[in-house]
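Take a look at the following structure, please.
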Amino acid sequence: MSNPQIHIVDNDSPARLMFSGEQLLFEHLPAGTRVIYPKPPIVGLKDPDAAIRYALNNPLGMEPLHGLLWPGMKVTIAFDDVSLPLPPMKRPDVRQRVLEIVLEILKNHGVDDIHLIAALAVHRRMTPDELRHVVGDRIYSAYAPDRLYNHDAEDVENMLDIGKTEEGEYVQINKRAMESDLLIYVNLNLVPMDGGHKSVATGLTGYKALRAHHNPYVMEKCDSYMDPREERSPLAASVNRQGRFLEKNVKIFHIETAINNRMFPDQLGFFHKKEEGWSDFDWQKAKALKATLDTLPQAARQKLLYSSPAAYELIGVWAGECDEVHKRTVEKCFEQYAIPVKGQADIGIFGIPYVSPYNVHSYLNPLLVQVQATGYLHNLYRNNPLVKKGGTVIVTHPFNDQFDPVHHAPYIEFVHRLLPETRDAKTLHKKYEEKFATDPTYVELYRKSYAYHGAHPFFMWYWGEAGRQHVGRVIVAGATDDYMCELFGYEPAANLQEAIGMAQDTAPPNPQMTMVHVPPILMVDVSVDEKPSLKQ
């Protein structure tokens with residue numbers, strides 16, 4: 001039986017639409033190339049508010065939310081930061097919907113000692129406008145800035161070290177959250193790696209605790225950190241140990257939401273279709289968008305792309321005990337994302353879009369392109385990686401020497417001072433990570449400006465470690481900076497056709513070539529028992 005999400009290119013196939021950062025490409029692929037498309041969006045829930053209320057009143061493994069409340073108690077509500085979803089969704093954000101209902105229930109039960117915290121760990125702080133977009137105008141006006149604020153992992157007076165796990169991992173948590181009678185976490189789940197114990201154990205913690213798993217020793221052992229089974233992901237196993245330790249010390253009511261993959265609004269709906277199914281009007285819109293992006297300067301392209309918020313819809317919501325809740329969330333994620341694929345590829349092709357979790361409202365710098373290439377996109381699989389061990393990955397991106405000086409201040413020094421010395425993750429970890437993490441300037445920029453923590457560029461390098469060790473070559477089609485490619489160990493190519501020729505030079509005869517047509521997000525569920533079939 002053929003798989004509707006997989007298309008085999010023939011000589012008469014139309015060009016494929018691909019992202020190259022903030023620009024679009026139309027590329028013809030060699031006949032026989034396998035193209036994997038995302039599933040259509042799951043239909044959103046008809047009444048999201050009713051679904052949220054049902055989840056709160058019928059939780060998994062815990063009492064209903066109203067049964068945990070009493071007048072005068074102290075409650076802290078934490079929620080996922082601006083790194084989710086990608087790009088930011090149209091209002092009302094799912095988190096706003098949940099928060100409004102939760103706050104109404106708290107008010108009806110005499111609870112007024114309430115703080116709301118953006119659980120950003122060592123990510124950059126959210127701006128007032130970003131906080132307002134997530135929580136809505138009414139909540140922002142009522143709670144900001146004294147009772148609605150960003151978590152500060154470097155505020156030593158308001159961080160608590162509460163012990164170690166059985167494996168010796170430090171456990172830290174925000175003091176306000178720890179001292180609350182009830183901690184409520186509102187999660188927006190974009191990929192299976194999100195949510196679960198990761199929400200509190202990483203979102204409300206600090207550098208000391210993050211080091212337990214955000215390091216090259218753990219990351220290199222991960223066989224897809226998008227597969228949350230502990231036997232596949234030492235990262236998930238470590239985070240779960242920390243989370244379960246926390247659960248013994250503070251009462252946590254988890255609320256998790258799953259959204260579909262409707263990343264683009266209706267006017268950009270062609271992104272959700274195979275090119276074979278495009279209407280004449282779809283082609284006109286796509287070509288017009290490409291022409292516009294080709295003529296605009298970078299700042300204007302960025303502004304234009306963020307001017308159309310994502311049309312994500314709620315497809316599931318669960319509340320209660322962490323493990324029970326997260327099991328349901330992950331099942332729904334796989335239902336939306338997972339594509340059965342027979343056989344691995346010798347050459348994988350990925351268009352790198354303009355947005356990742358770490359450059360919302362800023363430029364996708366080369367370190368973050370690396371995170372996409374050998375981090376997220378490589379790891380969006382179950383069972384087996386899409387590309388064979390030692391295979392070639394082709395990505396499309398300008399890969400230029402451009403960094404946001406506010407958001408990514410420590411990245412600049414990491415790339416320009418450290419990578420010329422070594423790309424070895426363990427050497428970087430031992431020799432430089434703690435110096436960056438404790439550098440007074442980077443600490444101040446994290447706390448008072450909108451910069452990522454000094455440790456963050458190291459974490460981003462480790463994020464690509466498993467993929468770096470698995471992949472033989474990374475070729476950057478459309479690269480404009482040969483030196484930057486050299487720093488990262490990548491090979492530049494003028495365009496995709498040149499990159500494919502380079503990849504074929506070292507591939508086996510008649511190589512299996514696969515393009516992953518993202519965005520929207522998809523995951524490959526790769527089996528290796530059979531060779532790829534033209535009937536997929």
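Every number in this text was worked out from the coordinates using simple rules, so none of it is lab data. Keep in mind that this is a model prediction, so the values were computed, not measured. All Cβ positions, glycine included, derive from the backbone under ideal geometry; neighbour counts span all protein chains shown.
Can you work out the FRET efficiency for the pair residue 494 and residue 324, with r the C-beta to C-beta distance and R0 = 51 Å, to the nearest 0.05?
0.45
Based on the alpha-carbon gyration tensor of region 147-270 and its eigenvalue square roots a ≥ b ≥ c, which shape applies: rounded if a/c is under 1.5, prolate if not and a/b is larger than b/c, or oblate?
Here region 147-270 falls in the oblate category.
Now, a different point. Starting with the fewest neighbours, write out 279, 308 ranked by other beta-carbon atoms found within 10 Å of each beta-carbon.
So the residues, fewest neighbours to most, are 279, 308.
For residue 251 and residue 127 in the same chain, what is the full-extension length gain: residue separation times 0.36 nm, less their Cα-Cα distance, in nm?
41.7 nm
Apply 1/(1 + (r/R0)^6) to the Cβ-Cβ distance of residue 279 and residue 74, taking R0 = 51 Å, and write down the FRET efficiency to the nearest 0.05.
Once the sixth-power term is evaluated, E becomes 0.35.
Return the sequence-ordered ³J(HN,Hα) values of region 125-138 in whole Hz as given by the Karplus equation 6.51 cos²θ - 1.76 cosθ + 1.60 applied to θ = phi - 60°, using x for Gly and Pro.
Using θ = phi - 60°, the values come out as 5, 7, 6, x, 5, 5, 4, 4, 4, 6, 9, x, 4, 5 Hz.
Please give the contour-minus-distance gain from residue 401 to residue 11: 0.36 nm per residue of separation, less the Cα-Cα distance, rounded to one decimal in nm.
Taking 0.36 nm per residue and subtracting the Cα distance, the gain is 136.7 nm.
What is the distance in Å between the Cα centres of region 387-453 and region 297-326?
25 Å
Please list, in order along region 314-319, the HN-Hα scalar couplings obtained from phi with the Karplus expression 6.51 cos²θ - 1.76 cosθ + 1.60 (θ = phi - 60°), rounded to whole Hz, x for Gly and Pro.
Listing the rounded values in order: 6, 10, x, 8, 9, 9 Hz.
Step through the residues of region 165-176 one at a time and calculate ³J(HN,Hα) from phi using the Karplus curve (6.51 cos²θ - 1.76 cosθ + 1.60, θ = phi - 60°), rounding each to whole Hz and writing x for Gly and Pro.
Going residue by residue, I get 6, 5, 9, x, 7, 4, 10, 10, 7, 4, 4, 4 Hz, with x marking Gly and Pro.
From the Cα gyration tensor of region 170-221, with a ≥ b ≥ c the square roots of its eigenvalues, which class applies: rounded if a/c is under 1.5, or else prolate if a/b is larger than b/c, or else oblate?
Taking the square roots of the gyration eigenvalues as a ≥ b ≥ c, region 170-221 is oblate.
Between residue 43 and residue 331, what's the calculated FRET efficiency when r is the beta-carbon distance and R0 is 22 Å? Round to 0.05.
0.85
Beta carbons within 10 angstrom, averaged per residue: use that to sort the peptides 129-139, 74-84, 8-18, highest first.
Peptide ranking by packing, descending: 74-84, 129-139, 8-18.
Report the paramagnetic label zone for residue 208: residues of region 145-159 whose backbone N is under 17 Å from a point 7 Å from Cα along the Cα-to-Cβ axis.
From region 145-159, the list is 152-159.
Please work out how much length the chain gains when fully extended from residue 296 to residue 104, using 0.36 nm per residue of separation minus the C-alpha to C-alpha distance, in nm with one decimal.
Taking 0.36 nm per residue and subtracting the Cα distance, the gain is 64.6 nm.
Tell me the net charge near residue 132. Cut-off is 11 Å between Cβ atoms, residue 132 excluded, with +1 for each Lys or Arg and -1 for each Asp or Glu.
Local charge sum for residue 132: -2.
Assuming a ≥ b ≥ c are the square roots of the Cα gyration tensor eigenvalues, decide whether region 1-154 counts as rounded (a/c under 1.5), prolate (otherwise, with a/b larger than b/c) or oblate.
The shape class here is prolate.
Same structure again: Work out the P(r) tail for region 200-306: percent of alpha carbon pairs separated by more than 17 Å, whole number.
Looking at region 200-306, the distances longer than 17 Å represent 71 percent of pairs.
Determine Rg/Rh for region 376-485; Rg is computed over alpha-carbon atoms and Rh is the Kirkwood hydrodynamic estimate from the same atoms.
The Rg/Rh ratio comes out at 1.00.
Amide H to amide H under 5 Å from residue 150: which residues, 5+ apart in sequence or cross-chain, H placed 1.01 Å off N in plane?
Those qualifying (amide H under 5 Å, at least 5 residues apart or on another chain) are 118.
Given H placed 1.01 Å from N in the peptide plane, which residues other than close sequence neighbours of residue 384 have an amide H under 5 Å from its amide H?
Here the answer is 526, since their amide H atoms fall under 5 Å of that of residue 384.
Can you give me the orientation-averaged projected area of the convex hull built on the Cα atoms of the chain, in nm²?
23.5 nm²
Give the percent of DSSP beta bridges with both residues in the chain that are antiparallel, rounded to the nearest 5.
About 25 percent, rounded to the nearest 5.
What is the dipole size for the chain, taken about its Cα centre, with +1 at each Lys and Arg Cβ and -1 at each Asp and Glu Cβ, in debye to the nearest 20?
380 debye
If we sort 195-201, 290-296 on the protection proxy, mean other Cβ atoms within 10 Å, highest first, what's the order?
195-201, 290-296
Students often get this wrong, so check it: of 208/332; 175/198; 208/430; 248/430; 39/290, which have C-alpha atoms separated by over 26 Å?
Beyond 26 Å: 208/332; 248/430.
Using Cα-Cα distances under 8 Å and only pairs 6 or more residues apart, what relative contact order does the chain have, in percent?
Once divided by the residue count of the chain, the mean separation gives 21 percent.
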